[in-house]
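The values are calculated or read from the model by the stated rules, or taken from the named source; none is laboratory data. Model, not experiment: these values are computed from the prediction. As a convention, Cβ positions derive from the backbone with ideal geometry for all residues, glycine included, and neighbour counts pool all protein chains shown.
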Amino acid sequence: MSYPPRDEGLLPASYPLENFEPFGTAFALPPRLRKFQSRVWLHALLFALTLASTTWVGAHNYAAFLEGFAYQPRPLDWPMFLHGLWYSGTLLAILGAHEMGHYLYCRLYNVDATLPYFLPMPVLLTGTLGAVIKIREAFPTRAVLFDIGVAGPLAGFAILVPALFWGMSMSNVVPAPTEGTVIFMGEPLLFQWAARFFFGTLPATMTVNMHPMVFAAWFGMLATAWNLLPFGQLDGGHIAYATLGRWSTSISIATVATAVVMTFFSLSWLVMTIMMLVMLFLLGPRHPRVLHEYKPLGPGRRLIAVIALIVFVLCFTPTPIELQDLVAGP
């Protein structure tokens, strides 16, 4: 979710929201311009391309699931691509729920925003770079900022939890691989609980052969955790600013510093760290102010912030993806 920068102190607190231009220059909007205008054809095209790219990845995931680490490649025929929808449908439902959570709350508070842009990327392990919406005007209060920011992760989490357990019910246990190049995926707490619920405690020689729906839920957990990092204009940054005010600046700097350190333990942090460094360079460490800075947030929203923190802990893994070459013993 992207948000335009705002020059602090440019507008008085009483300045009408409809007279606010996203990049800091005040002017009167012509009456003919309406909010929530989107190029529907572009959103539909990007969604279709993302559905195709994620289904292609999902077909490979389903073939790997059938192999069960047996290294017996299967041809990718049309039925295999239909099975790829287990992955693509689940992942797009999680990402779509996340972004629509933001969008619907923008509609509720009359904060101008676009429909979600889905981002296809077939060469990646996920088949997509995710989805974003663009918010085109300033937030009126911290409460509005909080509600819009937290709605996305909580909506996505509400979809990924049943998807994880449903997918785990279709998974099975197989001998762990002992040779070849293997992708190790970190196990968030929520993933560990779901696996233990269905399979109990596994010996070191066995592993869960994940159904493609579990893969989609796993990537949903990763996206949720990274979005909830308390940095800048990520969802977690909005929540931190709405609840903690100016303290959020120090927390943002500490978060990006921690991410830099994490890249020495896991290279899978590299892309996220670079993105945060670019945001830090372009937008600065301080979160843009809302129009009415000092309106109270309220205790109910602070409780929801604690819930968001719990969601972050359940979805977070310090080493998301590791590539290792295993050598069979003598």
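Using the structure shown, decide if Leu45 is at pLDDT 95 or above and of a type outside the set (D, E, K, R). Taking the combined requirement at face value, the residue satisfies it.
All conditions but one from (1) in contact with a helix residue (DSSP H, G or I) (Cβ under 9 Å, 6 or more places away or on another chain); (2) over 24 Å from Leu66 (Cβ atoms); (3) part of a helix (DSSP H, G or I); (4) not aliphatic (A, V, I, L, M) apply to Arg196; the one that does not is (1).
Just to be sure before I move on: is Ala28 part of a loop (DSSP other than H, G, I, E, B), at pLDDT below 70, farther than 18 Å from Asn110 by Cβ and of a type in the set (A, V, I, L, M) in the structure I sent? So Ala28 fails the test.
So which residues in the stretch 142-198 are acidic (Asp, Glu) and within 20 Å of Leu125 (Cα to Cα), if there are any at all? Within the stretch 142-198, just Glu187 meets the criteria.
Of all residues in the stretch 162-170, at least one satisfies being in contact (Cβ under 8 Å) with a residue 12 or more places away in the chain, of a type in the set (A, V, I, L, M) and closer than 30 Å to Ala242 by Cβ. Could you please find all residues in the stretch 138-165 being under 16 Å from the mean Cα position of the chain (by Cα) and not hydrophobic (A, V, I, L, M, F, W, C)? Within the stretch 138-165, Gly149, Gly152, Pro153, Gly156 qualify. The number of residues in the stretch 120-135 being hydrophobic (A, V, I, L, M, F, W, C) and touching a Ser or Thr at 6+ places or on another chain (Cβ under 6 Å) comes to 3.
Only a single criterion out of (1) within 23 Å of Gly232 (Cβ to Cβ); (2) assigned to a strand (DSSP E or B); (3) touching a residue at least 12 places away in the same chain (Cβ under 8 Å); (4) not polar (S, T, N, Q) is not satisfied by Ile183, namely (1). Is at least one residue of the stretch 219-235 on the phi > 0 side of the Ramachandran plot and either surrounded by 18 or more Cβ atoms within 10 Å (Cβ to Cβ) or touching a residue at least 24 places away in the same chain (Cβ under 8 Å) (or both)? Scanning the stretch 219-235, I find at least one residue that is on the phi > 0 side of the Ramachandran plot and either surrounded by 18 or more Cβ atoms within 10 Å (Cβ to Cβ) or touching a residue at least 24 places away in the same chain (Cβ under 8 Å) (or both), so the answer is yes. Starting from the stretch 77-92, keep only residues that are over 11 Å from Tyr62 (Cβ atoms) and at pLDDT 95 or above, then list their pairs with residues that are buried (at least 17 other Cβ atoms within 10 Å of the Cβ) and of a type outside the set (Phe, Trp, Tyr) whose Cβ atoms are within a distance under 6 Å, requiring at least 6 positions of separation or different chains. Final answer for the pair search is Thr90/Ala163; Thr90/Met213; Thr90/Ala216; Leu91/Thr54; Leu91/Ala216. When each of Pro288, Pro318 is tested for being assigned to a loop (DSSP other than H, G, I, E, B), touching a Lys or Arg at 6+ places or on another chain (Cβ under 7 Å) and not acidic (Asp, Glu), the lone residue that passes is Pro288.
Only one of the numbered conditions (1) surrounded by fewer than 23 Cβ atoms within 10 Å (Cβ to Cβ); (2) of a type outside the set (D, E, K, R); (3) part of a helix (DSSP H, G or I) is not met by Gly130, and that is (3). For the stretch 107-130, residues that are over 29 Å from Glu293 (Cα atoms) and either in contact with a His (Cβ under 7 Å, 6 or more places away or on another chain) or of a type outside the set (A, V, I, L, M) (or both) total 8. Only residues that are in a loop (DSSP other than H, G, I, E, B) and of a type in the set (Gly, Ala, Ser) were counted in the stretch 204-253, giving 3.
The one condition from (1) modelled with pLDDT of 90 or more; (2) surrounded by fewer than 21 Cβ atoms within 10 Å (Cβ to Cβ) that His98 does not meet is (2).
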